[in-house]
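Comments concern the structure below.
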Amino acid sequence: MKIDDPHAALRERVLATVLEGPGESNPATRQAVAANSPQVPEDLRILVEKIHRHAYTVTDEDIARLQTTYGDDRLFEIIVSAAVGASQARLAAGLQALEEA
């Protein structure tokens, strides 16, 4: 059964804006953290992995460790990109499970 998703186009627009739109961080970095890909810069891997797998475990120390390197604006964009990417992956898995049920 194919599930009709009336909000797909809006989600895609948000995703494109977050990952490819103007910002303080490099779009390639935002796209890598959203996908949790091997291209994620080494110093961001722990944070990105936490956001993708167990976001509730992110601590103030995780953020503080990266603030001096990335600054508030770039780090915010990176965190939002990772969160949006993780949510997109979860949604896709959920829709897939419903279609297979």
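What follows is calculated from the coordinates using simple rules that are stated; it is not laboratory data. Note that this is a predicted model, so its numbers are computed, not measured. Note that we place each Cβ from the backbone using ideal geometry, even for glycine, and neighbour counts take in every protein chain shown.
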Measuring from the longest principal axis of the C-alpha atoms of the chain, the long axis of helix 45-54 (C-alpha) lies at a number of degrees, nearest 10, equal to 40 degrees
In debye, nearest 20: dipole of the chain around its Cα centre with unit charges on the Cβ of K, R (+) and D, E (-)?
-> 160 debye
Helix 8-20 sits at what angle to the longest principal axis of the chain, using alpha carbons and giving 0 to 90 degrees rounded to 10?
-> 20 degrees
Given the candidates 32, 81, 9, the one whose Cα lies deepest towards the positive end of the charge dipole of the chain, counting +1 at each Lys or Arg C-beta and -1 at each Asp or Glu C-beta, is 9
For q = 0.23 Å⁻¹, what log10 I(q)/I(0) does segment 8-100 give under the Debye formula with an equal point scatterer on each alpha carbon and no solvent?
-> -1.18
Over what distance in Å are the Cα centres of segment 27-55 and segment 1-26 separated?
-> 18 Å
